[in-house]
1. Under the 0.36 nm per residue contour assumption, what length would be gained going from the current alpha-carbon distance of residue 129 and residue 63 to full extension?
2. Of the DSSP beta bridges with both residues in the chain, give the percent that are antiparallel, rounding to the nearest 5.
3. Take the alpha-carbon positions of the chain, form their convex hull, and give its projected area averaged over all directions (one quarter of the hull surface) in nm².
4. Nearest 10 degrees is fine. How inclined is helix 14-27 to the longest principal axis of the chain, computing both from alpha carbons?
5. Using just the helices of the chain, give the 222 nm mean residue ellipticity in deg cm²/dmol: DSSP H runs with n ≥ 4 each add -39,500 (n - 2.57), and the total is spread over all residues, rounded to 500.
6. Using 7 Å Cα-to-Cβ label points, what is the residue 16/residue 95 separation (nm, one decimal)?
7. Could you tell me the relative contact order of the chain? Use alpha-carbon pairs under 8 Å, at least six residues apart, and round to a whole percent.
8. Angle check, please: helix 118-129 long axis (alpha carbons) against the longest principal axis of the chain (alpha carbons), in degrees 0 to 90, nearest 10.
């Protein structure tokens, strides 16, 4: 039986997000940004947010564990918030403390919907610097 996808938003700091991304890399999950890219571009003292959106089960790769595919709202060094995806183990997600009130969760979900994607942000930064 597939566990029920939590309909909540969890807040993590940059160190926690890097740990989650490292775990995703260790398992070979497909939706994650490179840890070194995150270290270069994330605001160090920021809070980032994870919102599970679907259950990811790779039936063609039964050795892969079930994952929550999360939308992530990242705060980058420019102060902007950008949108990406991160696959997280359900047990790992469940260990992240529930710290946000309902109104904050709704606000974050709304900001995720309006946020620039990681790809759009990277392309804009490259165009701005002429790279």
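1. Numbers: separation 66, 0.36 × 66 = 23.76 nm, distance 4.28 nm.
My answer for the length gained is 19.5 nm.
2. 90 percent
3. 8.6 nm²
4. 50 degrees
5. My calculation for the chain gives -11500 deg cm²/dmol from helical runs alone.
6. According to this spin-label approximation, the distance is 1.2 nm.
7. 25 percent
8. The angle comes out near 20 degrees.
No value in this document is a laboratory result; all are computed from the given coordinates. For clarity, every value in this text was computed on a predicted model and none was experimentally measured. Using ideal geometry, Cβ is built from the backbone for each residue, glycine included, and neighbour counts are taken over all protein chains shown.
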